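What follows is a set of notes on a single structure, which appears directly below.
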Ligand code: AMP
Ligand code: FES
Ligand code: ZN
């Protein structure tokens, strides 16, 4: 194993250990998109459990969003999981929930990626939990976190920045604890690791997504991305030190914040945890179903 890979693996393993991301009897579901980041997270969690001989299990979870390329992507995700020897669970948004994200985005006049994000967040908690998960892991890396950090500062969403942590503890019996083992990893390190391990990551990328490769298409994200890249080129490890500082601060005030937190309610329709009477997912479904009914009725005349 070359030095760079070894250094990266040690860094991720240290994050898992220090923040107790994997504990005895855990059933960790890794939300896998097919890209380098979540594939690296899946592989490293599996390696960690095996190397430390832990009494814990890892599974993969993929959401088929029902876009043109989604079935092909699902097949590629299957290949990744086969190559890593990890059991995969898939939810198909169109087939199982009868939701068409592109149509919903038009009806609500909201960006596709914001509808997609809401649906993914909802399903990533509900379905793995129903399958017996104790935690859900994502492939979020340092740049994802720092871009959000700057955006939240600029737009005044200060509370959201308090959630920049390797482990977000569950606040409700129906809410899974979220873990981010790659929070201190650079995106290029995840790529390097996948190449080294020969993980068949996908080349398909979503044209609507605000993810790493599409930062180019979102002006604000791209500006911040350039700042991050500039810092990395000119000030050695500045971004790593920044994300470490942010998480240390958030960890320090975690207890105070927990004490002040309002209780989560359960959605009156689906029973999932939410801070409103009806959760965002059910509201979306209601509007979509109503619009479909209206269209059917107007077609009768
Ligand atoms: P994104 O919001 O696309 O930047 O993705 C953030 C994280 O969400 C990724 O690192 C994955 O862990 C997870 N994720 C993204 N898309 C999917 C998907 N279609 N199915 C399952 N997990 C996903
Ligand atoms: Fe969400 Fe493409 S993955 S909009
Ligand atoms: Zn609901």
Checklist entry - What are the residues in the range 147-165 that are part of a helix (DSSP H, G or I), surrounded by fewer than 21 Cβ atoms within 10 Å (Cβ to Cβ) and touching a helix residue (DSSP H, G or I) at 6+ places or on another chain (Cβ under 6 Å), if any? => result 149, 150, 152, 160, 161
Item to check | Unmet criterion (only one of (1) more than 16 Å from ligand 2 (Cβ to nearest atom); (2) at pLDDT 90 or above) for residue 201 | outcome: (1)
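Could you check the range 115-133 and list, in sequence order, the residues that are under 20 Å from residue 183 (Cα atoms) and at pLDDT 95 or above? Spell out how you get there, then give the answer.
Kept after step one, since they are under 20 Å from residue 183 (Cα atoms), are these residues of the range 115-133: 117, 120-121, 124-125.
Selection gives 120, 121, 124, 125.
Here's the yes/no breakdown for (1) within 28 Å of residue 129 (Cα to Cα); (2) in contact with a helix residue (DSSP H, G or I) (Cβ under 9 Å, 6 or more places away or on another chain); (3) within 16 Å of ligand 1 (Cβ to nearest atom); (4) modelled with pLDDT of 85 or more:
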residue	(1), (2), (3), (4)
241	no, no, no, yes
245	no, no, no, yes
256	yes, no, no, no
259	yes, no, no, no
265	yes, no, no, yes
Checklist outcome for this item: Apart from one, (1) within 22 Å of the chain's Cα centre (by Cα); (2) at pLDDT below 90; (3) assigned to a helix (DSSP H, G or I) all hold for residue 224; the odd one out is (2)
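The values are calculated or read from the model by the stated rules, or taken from the named source; none is laboratory data. These figures come from a predicted structure and were not determined experimentally. Every residue, glycine among them, receives a Cβ derived from its backbone with ideal geometry; neighbour counts consider all protein chains shown.
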